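Take a look at this one; I'll ask things after.
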Amino acid sequence: MTVSDEDIEAFARLSGDRNPVHFDDGFARSIGFDGHIAHGAVTASLLSAVLGMDLPGPGSVFLEQRVRFLAPVRPGDTITATLEVTRVRVDKPVLTLDASVMRQDGVRAADGELVVLLRDPADSR
């Protein structure tokens, strides 16, 4: 996913988070960034997309999400999420996954752990 100013604006409209660090280069520079940055939740939303569409896929539901933001994501950055199953509960359809979000320059922007409940969409019909 390549993050754009339009993505940042859309998230601000959805969340109400209009912190100037996301819109004002001068403000962002005054607190140590190279310019305005995306909301952390924009970065973390990529994990939701991978979880819901790819691994484990449709029918999976977040139970827990822990994310550490390690480096800023700026407009124009391309970020890629990777998930790895680290635990499967034998008593319930619950998985634990390690998560990582990398920028195009090889810098890890975020990492964390996700716990998801698996539901088979075919079972609800």
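When residues of segment 71-125 are filtered for being touching a strand residue (DSSP E or B) at 6+ places or on another chain (Cβ under 6 Å), over 30 Å from Glu6 (Cβ atoms), open to solvent by 30 Å² or more (accessible area, probe 1.4 Å) and of a type in the set (S, T, N, Q), how many remain?
1
Among the numbered criteria (1) at positive phi; (2) touching a residue at least 12 places away in the same chain (Cβ under 8 Å), which one does Gly106 miss?
Among (1) at positive phi; (2) touching a residue at least 12 places away in the same chain (Cβ under 8 Å), the lone unmet condition for Gly106 is (2).
Determine which member of the set Phe23, Phe11 is of a type outside the set (D, E, K, R), within 20 Å of the chain's Cα centre (by Cα) and open to solvent by 60 Å² or more (accessible area, probe 1.4 Å).
Testing whether each residue is of a type outside the set (D, E, K, R), within 20 Å of the chain's Cα centre (by Cα) and open to solvent by 60 Å² or more (accessible area, probe 1.4 Å) leaves just Phe23.
If we keep just the residues of segment 42-70 that are out of contact with any strand residue (DSSP E or B) (no Cβ under 6 Å at 6 or more places or on another chain) and among the hydroxyl-bearing types (Ser, Thr, Tyr), which is farthest from Met1 (Cα to Cα)?
Once the filter is applied, the top-ranked residue is Ser48.
Could you give me the residue pairs with C-beta distances under 8 Å whose first residue belongs to segment 11-29 and is in a helix (DSSP H, G or I), whose second residue is exposed (fewer than 13 other Cβ atoms within 10 Å of the Cβ) and among the aliphatic types (A, V, I, L, M) wherever it lies, and which are 6+ apart or on separate chains?
Val21/Ile31
Considering only residues that are among the polar types (S, T, N, Q) and over 13 Å from Ala99 (Cα atoms), look in segment 29-70 and name the one that is most open to solvent (accessible area, probe 1.4 Å).
Ser30
Continuing with this model, one more query. Check segment 35-53 and report whether any residue there is among the small types (Gly, Ala, Ser), in a helix (DSSP H, G or I) and either touching a Ser or Thr at 6+ places or on another chain (Cβ under 8 Å) or more than 27 Å from Ala12 (Cα to Cα) (or both).
Looking through segment 35-53, at least one residue is among the small types (Gly, Ala, Ser), in a helix (DSSP H, G or I) and either touching a Ser or Thr at 6+ places or on another chain (Cβ under 8 Å) or more than 27 Å from Ala12 (Cα to Cα) (or both).
The values are calculated or read from the model by the stated rules, or taken from the named source; none is laboratory data. Worth saying up front: this structure is predicted, and the values here are computed from it rather than measured. All Cβ positions, glycine included, derive from the backbone under ideal geometry; neighbour counts span all protein chains shown. Just so you know, the surface numbers come from the protein's heavy atoms only, side chains and all, with ligands and any DNA or RNA stripped out. Shrake-Rupley method; radii C 1.70, N 1.55, O 1.52, S 1.80 Å.
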